[in-house]
Amino acid sequence: MEKLTVNLGFVEFPPTHTGDGQNLSPLIRLANLKSPYLAVFAFNPFEPGCSFCAWIAWDIPADHRIPAGLPPMPEIDHPIHAVQGTNDYGETGYRGPAPPPGETHRYLFKVYGLDAKLDIPPGSDKHAVIEAMKGHVIQYGDTKAVCQR
């Protein structure tokens, strides 16, 4: 599997991408991209369950950037095409960090390069997306950022 380089452009969340701010998904820059489609997961290991998923998106046509501020709808066509799933908060789309006062939380962003679109409906959960990705992952990269209150 080839390495995909993932960069958010920050190591500490700006308010725009947190639950205290505008709660917008961040811009994700990619390098060494050789896959036709992408899937993105954002995990917050500080929430219960250690693989708490705060965002799932897939069927994103390959580009060297996933724009910030994707609308929280099951399927979007602007600013890019993407299908989004139900996160572990029970919501569709991205939900930014909002740790309790005095705590620091870390988000892990995992980006998978896929060789095909996934045959699953919008709103699917992380388990369905992971199952559908089996046999289609050709690249992988990740990055992380922290949020402190």
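The values are calculated or read from the model by the stated rules, or taken from the named source; none is laboratory data. The structure displayed is predicted, hence computed values, not measured ones. Note that each Cβ is placed from the backbone with ideal geometry, even for glycine, and that neighbours are counted across all protein chains shown. Each accessible area value is taken on the protein alone, full model and side chains, heavy atoms only, with ligands, DNA and RNA left out. Shrake-Rupley method; radii C 1.70, N 1.55, O 1.52, S 1.80 Å.
Consider segment 63-82 and keep the residues that are assigned to a strand (DSSP E or B) and not β-branched (Val, Ile, Thr). The one that is surrounded by the fewest Cβ atoms within 10 Å (Cβ to Cβ) is 65.
Residues that are assigned to a strand (DSSP E or B) and of a type outside the set (A, V, I, L, M) within segment 110-149 comprise 110, 112, 113, 139, 140, 141, 142, 143, 144, 147, 148, listed in sequence order. Here 89, 107 are screened, and the one residue that is hydroxyl-bearing (Ser, Thr, Tyr) and part of a strand (DSSP E or B) is 107. Please go through segment 57-83 and give me each residue that is of a type in the set (A, V, I, L, M), within 17 Å of residue 5 (Cα to Cα) and in contact with a His (Cβ under 8 Å, 6 or more places away or on another chain), ordered by number. Correct list: 60 only.
With respect to (1) of a type outside the set (Asp, Glu); (2) under 13 Å from the mean Cα position of the chain (by Cα); (3) closer than 14 Å to residue 57 by Cα; (4) open to solvent by 40 Å² or more (accessible area, probe 1.4 Å), the lone exception for residue 94 is condition (4).
Among the residues making up segment 124-149, those that are open to solvent by less than 30 Å² (accessible area, probe 1.4 Å) and within 22 Å of residue 77 (Cα to Cα) are 124, 126, 129, 132, 133. Among the criteria (1) in contact with a Lys or Arg (Cβ under 7 Å, 6 or more places away or on another chain); (2) more than 16 Å from residue 69 (Cβ to Cβ); (3) not basic (Lys, Arg), the one residue 12 does not fulfil is (1).
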